[in-house]
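The values are calculated or read from the model by the stated rules, or taken from the named source; none is laboratory data. Bear in mind that the values here come from a model prediction, so they are computed numbers and not experimental data. Every residue, glycine among them, receives a Cβ derived from its backbone with ideal geometry; neighbour counts consider all protein chains shown. Note: accessible area is taken over every heavy atom of the protein model, side chains too, but ligands, DNA and RNA are not part of it. Shrake-Rupley method; radii C 1.70, N 1.55, O 1.52, S 1.80 Å.
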Amino acid sequence: MKLFVYHTPELTPTDEVPECAIAVDVLRATTTMATVLAVGGEAVQVFSDLDQLLQKSESWPVEKRLRAGERGGAKVTGFDMGNSPLDCTPERVQGKRLFISTTNGTRALQRVQNAKVVLAAALINRATVVEYLWQQQPETVWIVGSGWEGSFSLEDTVCAGAIAYSIMQKGNLSQDELAGNDEVISAIALYSQWQDNLLELFHLASHGKRLLRLDCLEDLKYCSQTDILDVLPMQREPGVLVNTVIHS
């Protein structure tokens, strides 16, 4: 297995697809998606365009859908919710499909949707993602950070590093054996330095600061937790993710 880390969707190669692609948007899209599926959401359907989301979700029964829209960290007017995982309670989402469009995370998923296997990962479900990778041993794995409007983000890179670090530990592998590009080495270094202070790192991150200005400290606290959910969001059809059970 060779791991490749790309800091933003724009940095991924355009002439190839990996065997397995993992979209990461820790603050907050993939954290929200994992949470929705963990508490009983039927599926998550992602859109980069808000109008397309509204149009597609119109055909879904009102009592079976939730529309989540976020731009610039804030909830879009007229949508059921924004992009906070804390809004995703079992009472609210059980049995429903979440139709979601966010500033960055949904673009990352759409960029890799043609890979053989597409997963959504955050720190909260890191262990489940790692377990899947270890069982399946895909030849090439891309971890694609969402970044912020095309630029590098600390929180997505540290999550990529957390995944890579855990695979190394599990397989007793060296960085050289695992890393397909330099970004993997830097992501592991970032995680190694900050693994015990992830919330502090989020306070330093530009998007973390943006969310703090929107009074989202509790979101930051939740998103900075590691391995708290046993959930594997996997693409069932382009743009639609469901929780997938892995058998050991």
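Just one of the listed residues (ARG67, ARG28) is out of contact with any Lys or Arg (no Cβ under 7 Å at 6 or more places or on another chain), touching a residue at least 24 places away in the same chain (Cβ under 8 Å) and within 21 Å of SER206 (Cβ to Cβ), namely ARG28.
Results for (1) among the hydroxyl-bearing types (Ser, Thr, Tyr); (2) closer than 21 Å to SER224 by Cβ; (3) in contact with a Cys (Cβ under 8 Å, 6 or more places away or on another chain), shown as yes or no for each residue.
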residue	(1), (2), (3)
ALA127	no, yes, no
TRP134	no, no, no
SER153	yes, yes, no
GLY161	no, yes, no
LEU178	no, no, no
ASN181	no, no, no
TRP194	no, yes, no
LEU199	no, yes, no
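Here ASP156, ASP176 are screened, and the one residue that is among the acidic types (Asp, Glu) and touching a residue at least 40 places away in the same chain (Cβ under 8 Å) is ASP156.
With the condition being open to solvent by less than 60 Å² (accessible area, probe 1.4 Å) and either closer than 18 Å to THR35 by Cα or charged (D, E, K, R) (or both), I'd like the helices (runs of 4 or more DSSP H) fully within segment 46-136 carrying at least 2 qualifying residues.
Those helices (runs of 4 or more DSSP H) span 90-93, 105-111, 126-136.
Look at ASP176 and say whether it is charged (D, E, K, R) and either assigned to a loop (DSSP other than H, G, I, E, B) or in contact with a helix residue (DSSP H, G or I) (Cβ under 7 Å, 6 or more places away or on another chain) (or both). No. Looking at segment 30-40, can you tell me whether even one residue there is open to solvent by 10 Å² or more (accessible area, probe 1.4 Å), more than 19 Å from THR226 (Cα to Cα), touching an Asp or Glu at 6+ places or on another chain (Cβ under 6 Å) and part of a loop (DSSP other than H, G, I, E, B)? No, the conditions are met nowhere in segment 30-40. Evaluating MET168 against the criteria (1) touching a Phe, Trp or Tyr at 6+ places or on another chain (Cβ under 8 Å); (2) in a helix (DSSP H, G or I); (3) of a type outside the set (Ser, Thr, Tyr) leaves one unmet condition, (1).
If we scan segment 143-150, do we find a residue that is touching a Pro at 6+ places or on another chain (Cβ under 6 Å), part of a loop (DSSP other than H, G, I, E, B) and at pLDDT below 95? No, the conditions are met nowhere in segment 143-150.
Do we find a residue being under 20 Å from SER101 (Cα atoms), out of contact with any Phe, Trp or Tyr (no Cβ under 9 Å at 6 or more places or on another chain) and of a type outside the set (A, V, I, L, M) anywhere in segment 208-222? Yes.
Residues of segment 8-28 being crowded, with 24+ Cβ neighbours inside 10 Å and either in a loop (DSSP other than H, G, I, E, B) or at pLDDT below 95 (or both), which ones? Correct list: PRO18, ASP25, VAL26, LEU27, ARG28. In segment 203-248, which residue that is closer than 30 Å to GLN136 by Cβ and in a helix (DSSP H, G or I) is least open to solvent (accessible area, probe 1.4 Å)? Once the filter is applied, the top-ranked residue is CYS223.
THR128 meets the conditions (1) in contact (Cβ under 8 Å) with a residue 60 or more places away in the chain; (2) closer than 21 Å to PHE202 by Cβ; (3) among the β-branched types (Val, Ile, Thr) in every case but one. The failed one is (2).
Filter segment 1-51 down to the residues that are within 13 Å of the chain's Cα centre (by Cα) and among the acidic types (Asp, Glu) and list them by number. Step through it out loud before you land on a result.
Just the residues of segment 1-51 that are within 13 Å of the chain's Cα centre (by Cα), to begin with: 7-9, 21-37, 44, 46.
ASP25, the sole residue that qualifies.
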